[in-house]
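Taking it in order: structure first as structure tokens, then the write-up.
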Amino acid sequence: MRATRWLLAYLAAVVAVTFIHAPWLLAALLVLALAASGAGRWRIARRAVLAVLTFNLTVSLGYAAVSLWQGNFSVVYLLLVNLRVLLMVYLGFWFVARVNLLEAVRFSPTLGFVVTLAAGQIEAFARALRDFRLAFASRNAAAPALSARARHAAAQAGHLLDKSVCMAAETALAMRSRGAFDDYAGLPSPACVRGPGGEVGPVWRPRRPGVVTAYKKP
């Protein structure tokens, strides 16, 4: 099966999972996915559990607190939500581990550009996280206290937030310089006229007749 077909199958499976409201069926599908994923099943399962642990734990505790206060707590609903999220995340990690995403979106140059850009951003942030972890370990010969870990996590979160903002601005400028944004898309069709230097161009493009440049079009 081609990579594109795997992508379509994955998207269809994710959508289909959202229509399943029986916890036992979600559990059965999770076991089936574990059995079909081969030798790397436990590595993928570990990554999926770690990826959703904080989010699921927060949502589950919040739901339990509110529902117990209101008197309508449901174990079935809590199990349904957690199994659905875990199954969807497991399918995502399984798909990424088995299929080349760039190959899967080859049919669309725009999607290929977006995937390449996202992969570059992910790698940059992963490298920053590794640097933070190694720097923190090198500066603590003994096990650090919980307060030190909290300060390190806060500094790391602040750095990643600043880095994301700066990288977004730099990426937008790089994309603009390569023609990714069409700033004149909503303007009327170009009407060509001669400029002060004799050049021909659309009347709605910004023009500065007083600017002198040595650049010559090839």
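The values are calculated or read from the model by the stated rules, or taken from the named source; none is laboratory data. In this text the structure is predicted, and so the values were computed from the model without any measurement. All Cβ positions, glycine included, derive from the backbone under ideal geometry; neighbour counts span all protein chains shown.
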Pairs returned, first residue in the range 114-128 that is in the same structural domain as ALA172 (by TED's automatic domain parsing) and aliphatic (A, V, I, L, M), second residue that is assigned to a helix (DSSP H, G or I) and surrounded by 13 or more Cβ atoms within 10 Å (Cβ to Cβ), beta-carbon separation under 7 angstrom, 6 or more apart or interchain, are VAL115/LEU101; VAL115/LEU102; LEU117/THR171; ALA124/MET167; ALA128/LEU160; ALA128/LYS163
| query | Out of curiosity, is ALA64 in contact (Cβ under 8 Å) with a residue 12 or more places away in the chain, under 30 Å from ARG41 (Cα atoms) and small (Gly, Ala, Ser)? | reply | no
